[in-house]
Amino acid sequence: VFKLDCDSVSAFQDGLAYFSKDGQYGYLDQTGRIVIAPVYEDAGYFENGLARVMRDGYFGVIDKTGTELVKPVYDSVRMKGDYIIAEKEERTYCFDKVGKLLLEEPGRIYEREGLLCFAVDDQYGLADSAGNVLLEPIYNWIIPMAEEELVIANKDGYWGITDYNGKTEVPFFYDQIRYDGTTEHGILISSEGKYGCLDDQNLSVKIPLMYDYLSFFQNGWAVAGLHGKYGLIDKEGTVVIPIQYDRAQFFANG
């Protein structure tokens, strides 16, 4: 137990708590020692060694030594995965966790699968974790498949798949391509209200566009619907439970 000469103290998180004194915020450790002087207008909890602070109405990020990794000169700052993303005057900046600027763009930047998706004039491109551009911003939307080094992308209103060099692996033909983060559960395709599935290995069409409904695969099976009836198929497209039921779903927790 220790007594503090301050106006308020937060709970401890990541070993430190923020406190206020005369309207200014700093940080102290669990012995009550002030480790970062109260020089900020606002402060947040530390997470993974970093905290968001505000000075003169602008936001930045500091580490536990008080070093300003991202100077508080931005309209907004958020920490996402291994990145710090800041915005100012309609531009977006992406830093790594030691404050190195990786990417600067006039549009949105967000992290997905450890990669950086960025927008220029509402068109999306892709950069690696060092900020090197892999795909130029020519797509309406992108969904990285990091483990496969592939990207599901929308171009001119249709979905396809490209590699990191921009080579088309699946033609931009489909109304939708669904992927839940692992090819184990299938890569689902749809066009004109019909659903099928791509081969996990070579991305060819494994199950043709023939079903009115198709779920992701679980333990090698998927729920398939046709003409208002449901059953189950395997990854080869073989019907394993006849498509004759009003409803079908997977077991959960046994």
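For segment 68-83, the criterion of being closer than 23 Å to Glu113 by Cα and touching a residue at least 40 places away in the same chain (Cβ under 8 Å) is met by at least one residue. For segment 66-82, residues that are modelled with pLDDT of 95 or more and either outside any strand (DSSP E or B) or in contact with a Ser or Thr (Cβ under 9 Å, 6 or more places away or on another chain) (or both) total 3. The residue list Gly60, Gly44, Gly26 contains one member that is surrounded by 14 or more Cβ atoms within 10 Å (Cβ to Cβ), over 30 Å from Val133 (Cα atoms), touching a Lys or Arg at 6+ places or on another chain (Cβ under 6 Å) and modelled with pLDDT of 95 or more, which is Gly44. When residues in segment 91-113 are screened for being open to solvent by 30 Å² or more (accessible area, probe 1.4 Å) and not in a strand (DSSP E or B), 7 of them pass.
Mind checking which strands (runs of 3 or more DSSP E) fall wholly inside segment 176-254 and carry at least 1 residues that are over 26 Å from Trp159 (Cα atoms) and open to solvent by 40 Å² or more (accessible area, probe 1.4 Å)?
On the way: elements: 176-178, 187-191, 194-198, 205-211, 221-226, 229-234, 239-245.
In segment 176-254, 229-234, 239-245 are the strands (runs of 3 or more DSSP E) which contain 1 or more residues that are over 26 Å from Trp159 (Cα atoms) and open to solvent by 40 Å² or more (accessible area, probe 1.4 Å).
If you filter segment 114-149 down to residues that are closer than 18 Å to Met79 by Cα and either touching a helix residue (DSSP H, G or I) at 6+ places or on another chain (Cβ under 8 Å) or not in a strand (DSSP E or B) (or both), you find that the one that is modelled with the lowest pLDDT is Gly114.
The values are calculated or read from the model by the stated rules, or taken from the named source; none is laboratory data. None of the values given here were measured: they were computed from a predicted structure. Cβ sites come from the backbone with ideal geometry, for glycine too, and all protein chains shown count toward neighbours. All accessible areas refer to the heavy atoms of the entire protein, side chains included, with ligands and DNA or RNA removed. Shrake-Rupley method; radii C 1.70, N 1.55, O 1.52, S 1.80 Å.
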